[in-house]
Amino acid sequence: MCDAPHSRYRDRLTLLSTDGLLTRAITELGSPRGWWADLAWSRMSGRFKPHAAAFGEFLFEHHGPPQSICHVEAFDTRPAPADIDAPCARTAAGWLRVTRFPSDAALPALPSVLAAPGRATVVRYHPRHRCTIRFEQDERTLFAKVYAVNRGERLHRAGLTLWEAASRGQLELGVAEPEAWEPHTRTLWQHKLAGEPVRDRLSGPDGPLLTHRIGRAVASLSRAQLQADDVDVFDGPAQMLRSRRHGTELSRQVPRLAGPTTELLQRLAALHAGSARREPRPIHGAPHPTQWLEDGPRLGLVDFDRLSVGDPELDAGVFLGDLETDGSLKNSVTRMANSFFAGYESVAGSLHRGLVLAYRVHQQLTTSLHAARAVRPDGDWRAEKKLHRAIHCLKEGLS
């Protein structure tokens, strides 16, 4: 389709897929203001948003010391003046606007949080939504999550419950020790969780054994006792709402995928409708392979922002769905899935295989959308390939 977003923006996506044009604009706009000199910048993230006012959004970082971060937005036409100091420049890819961190109207507490004791390093930042900062102090390391909305208090209470359960040995995984919730800054403070990432080891010879242990750990979480007021319910209907939103966005980003996306969502809805409703159980919500750590004989799991109660098959589906779409995984996904199931079911009973399949495919649909959002000229083709992989996974699982 000639009016498809990727077709319209192909040339500009090509220019913006590499850093040269963007980093030149960062230097040219920031240096006269005394923000920085000619620094070496690296891209933290980028997103293609053809239906938003800014069709492209980027974060860049200079590692320092000191660390510097800036937010760059790309527009078709010159943007209206902002309430903050955010200079613009016209380039071959459109108008670029640069905002220096920590200037963010939705996160006004960032400067005061950054003034806390210790060496501060931003590890993750979603402009207008939240920011995660690591503070290295003499004898400990803390993480601060600054939110744009007041949702951290419930997460803090649930985190205390999980920490106490882990300390009593009721969980087969470690969780970060909560430190405090600051309502005036909307900041959640936690201690660093010890351990090294396990992601690369999943491709090694001990990958199936490690996956078995992850299955046991996820199962132990599903048996935790949480206060109903501290967590949301995220069950099959909630997942379908989320996937329909993702499907709508994917179809707008890549219009030729609207038909197969609608068909896929219909099949997923039928899978959920055919499954008996059960008592919801605690779930992490996003136990991606990159979220797991290992500290000696114990595994750890981080980032409980999506902690909720729902189908335990969701956690299994997210983890296995990520393995399914990981082109670098050397072990058989079937073997890894069987190891996960064996570990899980040795602790918390059987998982509904049809629901696990549904949640695996939900995760693959999300991966297709991420490909469409990428600032790449071939983002539509990559999204199409990933969507067809999800469709094939569902058909194969139901056969």
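The values are calculated or read from the model by the stated rules, or taken from the named source; none is laboratory data. No experiment lies behind these values; they were computed from the predicted model shown. No Cβ is skipped: glycine too gets one built from the backbone with ideal geometry, and neighbour counts run over all protein chains shown. Heads up: the accessible areas ignore ligands, DNA and RNA and are worked out on the full protein's heavy atoms, side chains in. Shrake-Rupley method; radii C 1.70, N 1.55, O 1.52, S 1.80 Å.
In this structure, the amide hydrogen of R124, modeled 1.01 Å from its nitrogen in the peptide plane, lies closer than 5 angstrom to those of T132, counting only residues at least 5 positions away or on a different chain. Each Lys or Arg adds one and each Asp or Glu subtracts one; over the other residues with Cβ under 12 Å from the Cβ of R43, this totals -2. Computed 3J(HN,Hα) for the range 255-266, one whole-Hz value per residue from the Karplus formula 6.51 cos²θ - 1.76 cosθ + 1.60 where θ = phi - 60°, is x, 5, 8, 4, x, x, 5, 4, 4, 4, 5, 5, glycine and proline marked x.
Taking the centroid of alpha carbons for each part, the range 305-380 and the range 149-204 are 22 Å apart.
In plain terms, the chain from A82 to E153 could stretch by 22.4 nm, reckoned as 0.36 nm per residue minus the Cα-Cα distance. Sort the range 22-148 into rounded, prolate or oblate with this rule: let a ≥ b ≥ c be the square roots of the eigenvalues of the Cα gyration tensor; rounded if a/c is under 1.5, and if a/c is not under 1.5, prolate when a/b is larger than b/c, oblate otherwise. Prolate is the answer for the range 22-148, as a/c is 1.5 or above and a/b outweighs b/c.
Put K385, K330, K395, K145 in order of accessible area, highest first, and with a 1.4 Å probe you get K330, K385, K395, K145. Taking a point 7 Å from the Cα of S350 along the Cα-to-Cβ direction, the residues of the range 265-304 with backbone N closer than 18 Å to it are 272, 274-279.
Here is the list for the range 117-223: GluC sites (Glu not before Pro) lying in DSSP coil, each with at most 10 other C-beta atoms within 10 angstrom of its C-beta, are E139. Summing +1 for each Lys or Arg and -1 for each Asp or Glu among the other residues whose beta-carbon sits under 13 angstrom from that of P87 gives +2. At a Förster distance of 45 Å, what's the computed FRET efficiency of H129 paired with R298, Cβ-Cβ distance as r, to 0.05? Computed FRET efficiency for H129 and R298 comes out at 0.90. With the cut-off at 1.5 for a/c, could you classify the range 240-365 from its C-alpha gyration tensor as rounded, prolate or oblate? Prolate is the answer for the range 240-365, as a/c is 1.5 or above and a/b outweighs b/c. Scalar couplings 3J(HN,Hα) for the range 385-392, obtained by applying the Karplus form with A = 6.51, B = -1.76, C = 1.60 to θ = phi - 60°, are 4, 5, 5, 5, 5, 5, 4, 5 Hz; x denotes Gly and Pro. Mean separation of Cα pairs under 8 Å and 6 or more residues apart, divided by the residue count, gives the chain a relative contact order of 15 percent. Placing pseudo-labels 7 Å out from each Cα toward the beta carbon at T262 and A53 gives an inter-label distance of 3.2 nm.
Phi-derived couplings, Karplus 6.51 cos²θ - 1.76 cosθ + 1.60 at θ = phi - 60°, listed residue by residue for the range 102-119: x, 5, 7, 4, 7, 10, x, 7, 3, x, 6, 5, 5, 7, 5, x, x, 7 Hz, with x used for Gly and Pro.
The residues of the chain present an accessible area of 46 Å² per residue when probed at 1.4 Å with all protein chains retained. Taking each DSSP H run with n ≥ 4 as -39500 (n - 2.57) and averaging over every residue of the chain yields -13500 deg cm²/dmol at 222 nm. Within the shell of other residues whose beta carbon sits under 13 angstrom from the beta carbon of P183, the net charge comes to +2, with Lys and Arg scored +1 and Asp and Glu -1.
Estimated at 0.36 nm per residue, the fully extended path between E196 and T248 surpasses their Cα-Cα distance by 15.0 nm.
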